[in-house]
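Structure record follows, encoded as structure tokens.
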Amino acid sequence: MRVNNARWVTTLVLGVIMFAIGLFVALRPLWSHNAVMLGARWLDLTFALVFMLRGAINIRTARARRQRPAA
């Protein structure tokens, strides 16, 4: 049970961090005068979308893992 608890916490923390990084990359042009971070605008937006999507999936998985009863 202890390992399962550490697993959902780790998944949740990684999900929040990934979502935050994606959000930062997506919103950065608003205060940096349209400067790109990864070399091209499409690459920035793709990176942000993938990280936000993966972060959301991790958060959803962690919440489901926590609510599921231990076997």
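The values are calculated or read from the model by the stated rules, or taken from the named source; none is laboratory data. Since this is a predicted model, take the numbers as computed values, not measurements. Virtual Cβ from ideal backbone geometry, glycine too; neighbours counted across all protein chains shown.
Scan region 12-71 for residues that are hydrophobic (A, V, I, L, M, F, W, C) and in contact (Cβ under 8 Å) with a residue 40 or more places away in the chain and jot them down.
Leu12, Leu14, Val16, Met18, Phe19, Ala56, Ile57, Ile59, Ala62, Ala70
Can you tell me which residue is modelled with the lowest pLDDT among those in region 34-71 that are over 17 Å from Ile17 (Cα atoms) and of a type in the set (Gly, Ala, Ser)?
Taking the candidates together, the pick is Ala71.
I need the full set of residues from region 32-61 which are of a type outside the set (A, V, I, L, M, F, W, C) and outside any loop (DSSP other than H, G, I, E, B), in order please.
Scanning region 32-61 gives Arg41, Asp44, Thr46, Arg54, Gly55, Asn58, Arg60, Thr61.
Just to verify a result, which residue in region 1-24, among those that are among the small types (Gly, Ala, Ser) and at pLDDT 95 or above, is nearest to Phe51 (Cα to Cα)?
Top of the filtered list is Gly22.
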